[in-house]
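Some notes on the structure that comes next.
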Amino acid sequence: MQDESLLLHSHIATMHQNFENIITNRLAEKQKLGLLRSLSKPAGIDFTSNDYLGLVNHFEIAKAATDAYFKYGAGSKGSRLLGGNSEFFEEVEKWFADWKGSEAALIFNCGYSANLGVISAFCDSKTHLFCDRLNHASILDGYAMSSGKLHRFKHNCPADLEKALQAVNADGLKLIAVEAVYSMDGDIAPLKEYADLAEKYGAMLYVDEAHSDGILGPDGKGLIAQLGLEKKVHLSLSTFGKAYGTMGACVFGSKFLIDYLLNYARSFVYSTAIAPGAVAAMQKAVQVAARENFRRESVLKMSANFRQKILKAGFNCLQSETHIVPIVLKSVEKTQKCRDFLIEKGFYTACIRPPTVPSGTARLRININAAHREKDIDSLAEALIYYIHSS
């Protein structure tokens, strides 16, 4: 019996070792490819931040959150469907819907959670999901939770989307999911063409405005409002952890569609609701951003100036026309070396590598925000030009 016990313990130890070996090998493979991630703290002038309007430390927003925490407590106590709902949540959702010109709104804990919930809620086995090839991972992860059929069309290509729409039969739901501004390319989606195709083929159009809200459109209401497509886009997403400097997200649509999500979006149904203090910060951030238009104007002006300088110097910025400016250096090694050089010069930039972007398109992503100064932008451009010419 003792020998059998020793054999059993030896077998368990071997299994444990195998488990560790498997994980170690996976990490080693990432390191070999130069793709191993680690945490680091921003140093110098930060060009990685998504705080596009520079609102993170805004006194009014922090005070609104603090007041709400004192009034409503530190948390929400549960899922919105099981004790976590309140009159405050519903009032803010109504306010958000009015702000966006929508019939209804539903608050989610974050943009990732919202995309996960929206996509998986609508994609049953009879649903066809049409996705831009550069859509955010959260949209694809929502699809992975579903039993729908995925069709990925060429980036920002209405003609390829139409070809995909024509190839499916008329039965079942057709859902088109796109972003308004693409986070790694900084380019703008042809939303009007997509809205026309959705109408022509009886499809539902869902637009993620994570990187356009706060920056584009009247009072920063996003690309949909800028193009006057409020009545043609069926569902849209706003996130508050980027331009608005807080956290949380909100999905907008008809009451009919929002009621559907309340019943079918698993990331909403089974999550403890976001804290009321965070919701108060979301609302106040939108109010401040709409009032302080100089922030948005400054970001767009500095972005255009920076892009003009580096394009003139021969850099590849893809089709960027927003506050997100990619600098494609192709190889991971070259991009990492450039990033390290910029850190030495006092500029903190993001090194974006595959699989986040396609192979052979490793890049620096430069995010311009309202806290930057013109001289910061000029100095960064000069450092980049110097590095490329001297390397």
If I filter the range 27-48 for residues that are among the hydrophobic types (A, V, I, L, M, F, W, C), in a loop (DSSP other than H, G, I, E, B), in contact with a Phe, Trp or Tyr (Cβ under 7 Å, 6 or more places away or on another chain) and not assigned by TED's automatic domain parsing to the domain that holds Asp340, do I get at least one hit?
yes
For the range 348-374, give me each residue that is surrounded by 15 or more Cβ atoms within 10 Å (Cβ to Cβ), polar (S, T, N, Q) and without any contact (Cβ under 8 Å) to a residue 40 or more places away in the chain.
Thr361
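Yes/no matrix, rows are residues, columns are (1) free of Cβ contacts under 8 Å to residues at least 12 places away in the same chain; (2) within 30 Å of Gly172 (Cβ to Cβ):
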residue: Leu82; (1), (2): yes, no
residue: Phe89; (1), (2): no, no
residue: Asp98; (1), (2): yes, no
residue: Ala105; (1), (2): no, yes
residue: Leu129; (1), (2): no, yes
Those strands (runs of 3 or more DSSP E) lying entirely in the range 323-387 with at least 1 residues touching a Gly at 6+ places or on another chain (Cβ under 9 Å):
324-330, 362-367
Do we find a residue being in contact (Cβ under 8 Å) with a residue 40 or more places away in the chain, of a type in the set (Asp, Glu), closer than 30 Å to Ala278 by Cβ and touching a His at 6+ places or on another chain (Cβ under 8 Å) anywhere in the range 211-225?
no
May I ask you to verify whether Lys242 is at pLDDT 95 or above, surrounded by fewer than 19 Cβ atoms within 10 Å (Cβ to Cβ) and assigned by TED's automatic domain parsing to the domain that holds Ala280?
no
For the range 290-306, check the following and say yes or no: at least one residue is surrounded by fewer than 17 Cβ atoms within 10 Å (Cβ to Cβ) and under 22 Å from Tyr387 (Cβ atoms).
yes
Scanning the range 46-101 for residues that are charged (D, E, K, R), more than 30 Å from Arg365 (Cβ to Cβ) and surrounded by 18 or more Cβ atoms within 10 Å (Cβ to Cβ) gives Arg80, Glu93
Need a quick list: strands (runs of 3 or more DSSP E) entirely within the range 65-170 having at least 1 residues that are charged (D, E, K, R).
128-132, 149-153
Just to confirm my filter: which helices (runs of 4 or more DSSP H) fall fully inside the range 183-289 and include at least 2 residues that are among the aromatic types (Phe, Trp, Tyr)?
255-264
Exclusive hit being under 30 Å from Glu333 (Cα atoms), within 24 Å of the chain's Cα centre (by Cα) and not charged (D, E, K, R), set Leu27, Leu55, Leu35
Leu35
Residues satisfying the stated conditions in the range 19-54, i.e. at pLDDT 80 or above and in contact with an Asp or Glu (Cβ under 7 Å, 6 or more places away or on another chain)
Ile45
Reported set for the range 155-192 where residues are of a type in the set (A, V, I, L, M) and surrounded by fewer than 17 Cβ atoms within 10 Å (Cβ to Cβ) is Ala159, Ala167, Val168, Ala170, Leu173
Residue check for Thr322: under 21 Å from Ser138 (Cβ atoms) and surrounded by 21 or more Cβ atoms within 10 Å (Cβ to Cβ)
yes
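The values are calculated or read from the model by the stated rules, or taken from the named source; none is laboratory data. Computed from a prediction, not measured in an experiment: that's the story for all the values here. FYI the Cβ positions are ideal-geometry reconstructions off the backbone, even for glycines, and counts take in every protein chain you see.
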